[in-house]
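The values are calculated or read from the model by the stated rules, or taken from the named source; none is laboratory data. Small disclaimer: the values here were computed from a predicted structure and weren't measured. Note: ideal-geometry Cβ built from the backbone for every residue, glycine included; neighbour counts use all protein chains shown. For accessibility, only protein heavy atoms count, side chains too; no ligands or nucleic acids. Shrake-Rupley method; radii C 1.70, N 1.55, O 1.52, S 1.80 Å.
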Amino acid sequence: MVDYGYNRSITPIEKAPRDHLLFLSIGLILVVIGWLFAWSNHFANSFHFDDVPVIVANDSVHHLSNIPRFFTIPRISSLEKDSAVYRPLLSTWFALDYRFWGANAFAFESENFIWFTAQLLVMFALLRRIPGINNPGAGFGTLLFGLHPVIADTVNYPLQRGTMMGAFGVTAGLLIWSIWPWGLPQTLPLKLKRVPEHGWDEYLRKNFKRLDSRYLGIIHAPVELHLWPVALALLCDPATAVFAPILVVYILLFEKKRKLRHAIPAGVLCIGYWIFQRVFTWNLGEFSRTPATNYVFSQPWVALRYLFHFFVPAHLTVDTGFTAFDHIWNPLAIAGFFGIAGLMGLAVFIRRKAEWKATSFGIWWFLIALVPDAITPHHAVEADWRMFLPFAGLTVAVANAASQAVVALTRRAEESPQTPYPRVYISITAGAVALALLALLGWGTFERNTVWASESTLWRDASEANPSNGRALMRYGVIGLSDRDPRPAFERIRAAALVSPGDPIIEMNLGRAYERLSQLKEAEVQFRQATADGPAWSPAYSSYGEWLQTQSRSHEASQMAEKAVALDPYDLTARRVLMDVAADAHLWTKLNELAIETLRLFPDNPDGQRSQLVAQTGLEQIGRAETQAKTKPSVDNYLNLSVLYFQTQRYSECIKAAREALKVNPNQAEAYANIAAAYHTLGNLDETIAALREEVRLNPDLPSAKSNLAIELAVKEKESPH
């Protein structure tokens, strides 16, 4: 009878060749060496793109006091709205890591690898539990997943720890489901001796039934133990919600003692949490010019591309530049739908044979795990880290196929009398083939780790792999803008704008590139174009406002920043511009209000703290001047207060303080000068002329007063009807 992996009993090793154990030992040593080599260059890699706003530059993650806010305010998970999602446990985790290690990429990469290793251990244990997969198949499948080059694009990206934890939660939940409670001994696993040797033996004999009843009560308690890792993983990655439908498929294919109703708690948890986080983050999401419908109907073809990369992991890149189809009747879009239908049909067909149910399960796992990203539009239509959990399903299918292949070959060899030791030869041959394949995958992983060494190597690889990928060219160019010679970087960004016209992200960075080359007119054109092409994207306005401020165009800068804050109150760049403009204008009250509002959103923001201190200092200075003028009413004190009021744009108070000085000494030309300046700013021409005339009368030798009076009189004459 053929062993399909259901029988977990150990078969004695054939006597003949002692080399069998030797080959197994050599194989294990080679696997360990290969594993260490493939990942040896992973730990020196750096942070990458969204790691910066989420971890490196995110003040919220830099202070443990924000941990409770991660559970109530998803926007603070990132400085940028595009990368902000509701992952409170992951944000908490990053905050703890930053507290202990700071912005140390080695620490984050090492922790990613530790949890990746944990995922492999849980995956191996689950594969051993799935009917139709034997131990060699489980080992091969685990190593295949652990050495797959596509997986490297997730492990090397610190931000994607959430993706790995989601996969760990799904895998661990299924493992616990398969073990607890029916995979455990259904009676207390203790031996009763016929003749008690000591008091413990006597105690067991007298109380065994009671202890056995308690044991059964514990393992069959309705604690839903399999949902514990899933619940934690949901707080790291909402896509973990696919556990519920994957569990349903598992029950339909393998369960004999539990029914679909036993999956209801999982469905309530997963579906309920998915709906909750979608509603909670309805105003968040990546900025994308791709219509949601186009994104969705492109995903079946993307799924087939993922499937191809699992079996042929060649020409990998962090950003393929693949764009959504313009219409649903695109031939590739139609091919995608037919391809998915074919996979579903294959999964339904092969489930009829018990030995191939695991492959059916793996296909369903792959398809179900793709759904969250397929129905949630992203800026990029496809990404390598979205394959991590779906590839775990394909690994189940491959492990089952490998197991059945070895079983079939062994059976055929046993039927052949010419083969004296069939199991040995089959094991050696299969092991050699597996090692060769794993070696190729390991080398590919090593090469992918090299690509992730730095931002420069990462985006150079992406831009070289696809020169028509505007995003990759832009990112590669932005990295080089800080070089001594920024012209090569500028040319890359300009090329990105040519291949991806109308993209506000590229246009914004092209504006910065023009600024770096001191081509200010061209820079402003690009900033304006970014706001036109991204009218609902706050960084377009905040970056333009930031540039306007450097050009001393404070009023326009403030207008752009206010538009950005209206679109996204958490846009710190815009808030920084508003606070700087208020500080430059000595608007202490407004600056204090802006600082308080900024600190309400970001309690530990250094710009908010600095601005509040500056504002309070300015307000205290005015307060002291007001007290001085009130307690010691003198010309100098009133004039000093008048000047402070004028500097803070409190023109009515400026005029009032100057008139108080005139009450003390009516012949103060400086008081009339302050009154004239305030009325001029308020646009009161007649009062300005009157004050200037008094200033000239009291100080006829002051040329500036005469000049100002002449200008105001000319304006008056021009405005008067003839």
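List of remarks:
- Condition met for Ala413 (hydrophobic (A, V, I, L, M, F, W, C), open to solvent by 30 Å² or more (accessible area, probe 1.4 Å), in a helix (DSSP H, G or I) and at pLDDT below 95): no
- Filter result for Leu21 (over 24 Å from Thr573 (Cα atoms), open to solvent by 60 Å² or more (accessible area, probe 1.4 Å) and at pLDDT below 90): yes
- If you go through region 518-537 and pick out every residue that is under 14 Å from Asp503 (Cα atoms), open to solvent by less than 10 Å² (accessible area, probe 1.4 Å) and either at pLDDT below 95 or in contact with an Asp or Glu (Cβ under 7 Å, 6 or more places away or on another chain) (or both), you end up with 2.
- Verdict on Val635 being of a type in the set (Val, Ile, Thr), more than 26 Å from Asp584 (Cβ to Cβ) and buried (at least 16 other Cβ atoms within 10 Å of the Cβ): yes
- Under the condition of being part of a loop (DSSP other than H, G, I, E, B) and free of Cβ contacts under 8 Å to residues at least 40 places away in the same chain, the residues counted in region 451-486 number 7.
- Among residues of region 657-678 that are crowded, with 21+ Cβ neighbours inside 10 Å, those with a Cβ under 6 angstrom from a residue that is of a type in the set (Asp, Glu), sequence gap 6+ or separate chain, pair up as Tyr672/Glu694; Tyr672/Glu695; Ala673/Glu695.
- Tally of residues being open to solvent by 50 Å² or more (accessible area, probe 1.4 Å), in a helix (DSSP H, G or I) and in contact (Cβ under 8 Å) with a residue 12 or more places away in the chain across region 599-609: 2
- Tyr570 more than 18 Å from Lys590 (Cβ to Cβ), in a helix (DSSP H, G or I) and either open to solvent by 30 Å² or more (accessible area, probe 1.4 Å) or free of Cβ contacts under 8 Å to residues at least 60 places away in the same chain (or both): no
- Members of region 679-722 found to be open to solvent by 50 Å² or more (accessible area, probe 1.4 Å), at pLDDT 85 or above and among the small types (Gly, Ala, Ser), listed by number: Gly683, Ser707, Ala710, Ala714
- Per-region count, region 39-72, residues of a type outside the set (S, T, N, Q), in contact with a Ser or Thr (Cβ under 9 Å, 6 or more places away or on another chain), open to solvent by 30 Å² or more (accessible area, probe 1.4 Å) and part of a loop (DSSP other than H, G, I, E, B): 3
- Failed item, numbered, when Ser77 is tested on (1) more than 14 Å from the chain's Cα centre (by Cα); (2) among the polar types (S, T, N, Q); (3) under 27 Å from Thr376 (Cβ atoms): (1)
- Condition check for Leu253: open to solvent by 60 Å² or more (accessible area, probe 1.4 Å), under 19 Å from Thr171 (Cβ atoms) and touching a residue at least 60 places away in the same chain (Cβ under 8 Å): no
- The one condition in (1) at pLDDT 90 or above; (2) under 22 Å from Leu709 (Cα atoms); (3) surrounded by 17 or more Cβ atoms within 10 Å (Cβ to Cβ); (4) not basic (Lys, Arg) that Ser652 fails to fulfil: (3)
- Candidates Ala657, Ala669, Ala676: the one that is touching a helix residue (DSSP H, G or I) at 6+ places or on another chain (Cβ under 9 Å) and at pLDDT below 90 is Ala669.
- Of the numbered criteria (1) part of a helix (DSSP H, G or I); (2) crowded, with 17+ Cβ neighbours inside 10 Å, the one Leu332 fails is (2).
- Within region 640-682, the only residue that satisfies the criterion of being more than 58 Å from the chain's Cα centre (by Cα) and of a type in the set (Val, Ile, Thr) is Val664.
- Considering region 381-400, and only residues there that are within 16 Å of Gly169 (Cβ to Cβ) and among the aliphatic types (A, V, I, L, M), the residue that is surrounded by the most Cβ atoms within 10 Å (Cβ to Cβ) turns out to be Leu389.
- Summed over region 545-567, residues that are open to solvent by 70 Å² or more (accessible area, probe 1.4 Å) and hydroxyl-bearing (Ser, Thr, Tyr) total 2.
- Test: residue in region 542-550 that is hydrophobic (A, V, I, L, M, F, W, C) and under 26 Å from Ala380 (Cβ atoms): no
- Any hit, region 423-445, residues being open to solvent by 50 Å² or more (accessible area, probe 1.4 Å), under 20 Å from Ala303 (Cβ atoms) and either in contact (Cβ under 8 Å) with a residue 40 or more places away in the chain or among the aromatic types (Phe, Trp, Tyr) (or both): no
- Within region 178-226, the set of residues being under 30 Å from Arg128 (Cα atoms) and in contact with a Phe, Trp or Tyr (Cβ under 7 Å, 6 or more places away or on another chain) comprises Leu188, Ile219, Leu225, His226.
- When region 173-207 is limited to residues that are open to solvent by less than 40 Å² (accessible area, probe 1.4 Å) and outside any loop (DSSP other than H, G, I, E, B), the one that is farthest from Val242 (Cα to Cα) turns out to be Asp201.
- Counting only helices (runs of 4 or more DSSP H) wholly contained in region 212-302, the ones carrying 3 or more residues that are under 19 Å from the mean Cα position of the chain (by Cα) occupy 227-234, 264-280.
- For region 335-380, filtered to residues that are among the charged types (D, E, K, R) and outside any helix (DSSP H, G or I), the residue that is surrounded by the fewest Cβ atoms within 10 Å (Cβ to Cβ) is Arg352.
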